[in-house]
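Novice: To start, I am sharing the structure in question, which I have written as structure tokens.
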Amino acid sequence: MTKVLNADALPGPTELKRVKRRRPGLLVANAIVLVLAAMAVTTIFTNPRFEWNTVAKYFFEIRVLKGIGVSIGMTAATMALSLVSGTVVALMRMGESRLMSTAAAAFIWVFRSIPMLVQLLFWYNLAALFPTLSLGIPWGPRFITFDSNTVIGPLTAAIIGLTLHETAYIAELIRSGLLAVPDGQRQAASALGLTPAQIFFRITLPQALRVIVPPMGNELISLLKATSLVSVITLADLLYSVQLIYAKNFQTVPLLIVAAIWYMIITGVITLLQQRLERRLGRHTLISADRAGKAKRIEHSV
């Protein structure tokens, strides 16, 4: 015989109890993390060799603050130049001209292959290869001649080396973002009568930015940390400034902690700005998706 269930006998929604799934592995992992964190905090604040009083003494020292300004200035200038040159190289790489595409690919290959430290040392010692630099007609007369040691100083060599290195990576980031947008959307938007500029700024760019911004933020943070390499060419950035201080007072570890904390603070600010930019781009997601949907519909109809 078939047993008929009574609906009134079934428990109601309020009578159901939610039973949490037991995860003993997760509890063990959490316990291990808490123990390791407690050990790290205890070691940091109980070991007198960290010399936190010395860290506090030099944290806002004027030479350290000037070094921070140099590091941030180099990062901003290099990123601005790299964005412009990287966009040009990316467009050349994606262009129809085989010669320009090959030249862009060769540029990316060369400057991604050579380590950044090698490039900094090369540009700093450019005078050994070219004692003078000049402007004029190729294979013709020279109008202006400069002494290489005068033109290529530590700051100039650092910006040139960092910019060329970053341009190669940013070009690939921009190219990947542009390639992530289906070409059919551009064709459909063109069929709607949009100009190339309108297609780029209304269809391609909003979608490409969502792909470009996260890795670009990581690249900016990497660039900030890479500025510490300019200390080898005696440029007074943050790291070189603390090196000058501990070379006199022999407080190596506390001064390195000062530099590390400042790098962490600047990186945290960049991360917050990146997250805010990503949220701002997310506000236009629906608008971009609606435009992309219209373009897709036109694409299918075409």
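Novice: Only one of Ile152, Ile159, Ile203, Ile174 is within 19 Å of the chain's Cα centre (by Cα) and either at pLDDT below 90 or more than 21 Å from Val232 (Cα to Cα) (or both); which?
Specialist: The conditions single out Ile174.
Novice: Still on this model: For the list (1) polar (S, T, N, Q); (2) closer than 30 Å to Pro115 by Cβ; (3) more than 21 Å from the chain's Cα centre (by Cα); (4) open to solvent by 70 Å² or more (accessible area, probe 1.4 Å), I need the number of the one condition that Asn218 fails.
Specialist: (3)
Novice: Under 8 Å between Cβ atoms, at least 6 apart or on separate chains: pull out the pairs that start in the range 68-86 with a residue that is within 16 Å of Leu155 (Cβ to Cβ) and of a type in the set (Gly, Ala, Ser) and end on any residue that is open to solvent by less than 10 Å² (accessible area, probe 1.4 Å) and part of a helix (DSSP H, G or I).
Specialist: Listed pairs, sorted by first residue: Ser71/Leu224; Ser71/Thr227; Ser71/Leu238.
Novice: Give me the helices (runs of 4 or more DSSP H) completely within the range 1-98, filtered to those with at least 1 residues that are open to solvent by 80 Å² or more (accessible area, probe 1.4 Å), hydroxyl-bearing (Ser, Thr, Tyr) and at pLDDT 85 or above, ordered by residue number.
Specialist: Once the helices (runs of 4 or more DSSP H) in the range 1-98 are filtered for at least 1 residues that are open to solvent by 80 Å² or more (accessible area, probe 1.4 Å), hydroxyl-bearing (Ser, Thr, Tyr) and at pLDDT 85 or above, what remains is 24-46.
Novice: Here are Gly136, Gly153, Gly177, Gly140: which of them is surrounded by fewer than 22 Cβ atoms within 10 Å (Cβ to Cβ) and either closer than 26 Å to Ser231 by Cβ or acidic (Asp, Glu) (or both)?
Specialist: It is Gly153.
Novice: Please find, within the range 223-239, the residue that is nearest to Tyr58 (Cα to Cα) out of those that are more than 21 Å from the chain's Cα centre (by Cα) and open to solvent by 50 Å² or more (accessible area, probe 1.4 Å).
Specialist: So the residue we want is Thr234.
Novice: Does the range 222-234 contain at least one residue that is at pLDDT below 90, touching a Pro at 6+ places or on another chain (Cβ under 7 Å), under 25 Å from Ile160 (Cα atoms) and not in a helix (DSSP H, G or I)?
Specialist: Within the range 222-234, one or more residues are at pLDDT below 90, touching a Pro at 6+ places or on another chain (Cβ under 7 Å), under 25 Å from Ile160 (Cα atoms) and not in a helix (DSSP H, G or I).
Novice: Here is a further query. Among the residues of the range 99-133 satisfying the criterion of being open to solvent by 90 Å² or more (accessible area, probe 1.4 Å) and under 17 Å from Thr163 (Cα atoms), which is modelled with the highest pLDDT?
Specialist: Trp109
Novice: Report yes if some residue within the range 234-250 is among the charged types (D, E, K, R) and farther than 17 Å from Leu83 by Cα; otherwise report no.
Specialist: Yes.
The values are calculated or read from the model by the stated rules, or taken from the named source; none is laboratory data. The model shown is predicted, which means the values in this text are computed figures rather than measured ones. Neighbour counts are summed over all protein chains in view; Cβ atoms, including those assigned to glycine, are modelled from backbone coordinates with ideal geometry. Heads up: the accessible areas ignore ligands, DNA and RNA and are worked out on the full protein's heavy atoms, side chains in. Shrake-Rupley method; radii C 1.70, N 1.55, O 1.52, S 1.80 Å.
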